[in-house]
Amino acid sequence: PKVIDFADKDAVRRRVRALQKKIREIDKLKVMPEGSLEKLQLQKLASEGEVRAACASLERELDLLERVPAMVFKVDMPDGQRCIEFREGDNCYELAKQFIKANNLTKELINPLAAHMESKLIEE
């Protein structure tokens, strides 16, 4: 896999386009009779799962790069402060759920955290 500078939005965008092209090529190969495929084409077919996963991951990264945070919530933790970035189109409950899971916190904190985020957004 190629190393990508995630700070370079254009590099991420180019890699996404390259992976999308590979997916289109794989889709074309999937409709061809398997007996007519050459070794490299079969290898390309075998890489489908990996290519689709890499593309989906980079598409998420690109989405985050292109959507600037509308608000950043700072959460005090025992070992310091963590941030939750809210972007246009985000869901407070889903962000809270992801934050709680990523930080191994109790699920009972999801609703209060989401409610706090929603109230702060309304204040803005």
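A straight Cα-to-Cα reach below 19 Å connects Lys44 with the aspartates and glutamates Glu25, Asp27, Glu34, residues fewer than 8 places away in its own chain not being considered. Estimated purely from DSSP H runs of n ≥ 4, each contributing -39500 (n - 2.57), the mean residue ellipticity at 222 nm for the chain is -19500 deg cm²/dmol once divided by its residues. Each residue of the chain gets 158 Å³ once the volume of the Cα convex hull is shared out per residue. For the chain, with all protein chains present and a 1.4 Å probe, just round the carbon and sulfur fraction of the accessible area to a whole percent. Of all accessible area on the chain, carbon and sulfur atoms account for 52 percent.
Might you tell me the accessible area per residue for the stretch 5-78, computed with a 1.4 Å probe and given in Å²?
Computed with neighbouring chains in place, this is 70 Å² per residue.
Farthest toward the positive end of the dipole of the stretch 27-80, out of Cys55, Leu42, Met71, is the Cα of Leu42, where the dipole comes from beta carbon charges about the Cα centre.
Under 23 Å from the Cα of Lys39, which lysines turn up, not counting those fewer than eight places away in the same chain? Within the straight-line limit of under 23 Å, Lys39 reaches these lysines: Lys2, Lys21, Lys22, Lys28, Lys30.
Put a plus charge on the Cβ of each Lys and Arg, a minus charge on the Cβ of each Asp and Glu, and nothing anywhere else: the dipole of the stretch 58-124 about its Cα centre is then about 260 debye. Considering only Glu48, Glu34, Glu25, the Gaussian network model of the chain with Cα springs below 10 Å gives its largest mean-square fluctuation to Glu34.
The values are calculated or read from the model by the stated rules, or taken from the named source; none is laboratory data. Values in this document were obtained by computation on a predicted structure and should not be read as measured data. Cβ sites come from the backbone with ideal geometry, for glycine too, and all protein chains shown count toward neighbours. The area values use the complete protein model at the heavy-atom level, side chains included, leaving out ligands, DNA and RNA. Shrake-Rupley method; radii C 1.70, N 1.55, O 1.52, S 1.80 Å.
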